[in-house]
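Here is the structure we will look at.
The values are calculated or read from the model by the stated rules, or taken from the named source; none is laboratory data. The shown structure was predicted, so the numbers you read here are calculated from the model rather than taken from an experiment. In this analysis, Cβ positions are derived from the backbone assuming ideal geometry, glycine residues included, and neighbour counts consider all displayed protein chains.
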């Protein structure tokens with residue numbers, strides 16, 4: 001089975017209303033959440049084989065900071081197609097992953113990520129909050145065979161679950 005970790009970027013900074021959406025970075029709360037979620041991923045012993053991210057500043061900051069905390073040295077592939085991607089675009093990216101990899105981190109944005117998990121599985125999630133992480137298992141041995149309604153959610157976690 002192939003494993004997909006959908007990760008929504010951490011909380012973004014809206015202090016400059018004139019800044020283009022693509023160029024917004026993380027706010028303090030977003031940066032703090034990365035420390036929390038990195039600890040959880042470490043405890044779960046999760047390490048992806050491949051990492052694919054939207055190139056927006058907030059997604060780049062999220063994954064780079066997360067990997068630093070996790071002490072991962074994996075290469076990150078940034079795909080323009082993932083910026084504000086819809087379900088079809090996300091599925092297309094997944095179907096084109098090399099089969100030598102068994103697990104992938106996909107770092108992106110809503111509403112695409114939420115729509116994607118709802119189409120891939122039989123769960124109904126209203127919203128993946130910032131830095132929400134969902135582990136899904138595709139019922140296939142090859143990425144190209146991943147299909148809507150043929151995956152299972154293993155877990156769904158987000159920072160507020162772990163804040164004291």
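Couple of notes before you dig in:
- Checking 127, 110, 118 one by one, the residue that is touching a residue at least 60 places away in the same chain (Cβ under 8 Å) and over 16 Å from residue 49 (Cβ atoms) is 110 and no other.
- Of the residues 11, 31, 57, 69, the single one that is touching a residue at least 12 places away in the same chain (Cβ under 8 Å) and touching a strand residue (DSSP E or B) at 6+ places or on another chain (Cβ under 8 Å) is 11.
- Any hit, the stretch 79-91, residues being outside any strand (DSSP E or B), at negative phi, out of contact with any helix residue (DSSP H, G or I) (no Cβ under 6 Å at 6 or more places or on another chain) and crowded, with 19+ Cβ neighbours inside 10 Å: yes
- Here the strands (runs of 3 or more DSSP E) wholly within the stretch 102-164 that include at least 2 residues being crowded, with 21+ Cβ neighbours inside 10 Å are 103-108, 133-138.
- Restricting attention to the stretch 118-141 and to residues that are under 14 Å from residue 91 (Cβ atoms) and out of contact with any helix residue (DSSP H, G or I) (no Cβ under 9 Å at 6 or more places or on another chain), the residue that is modelled with the lowest pLDDT turns out to be 140.
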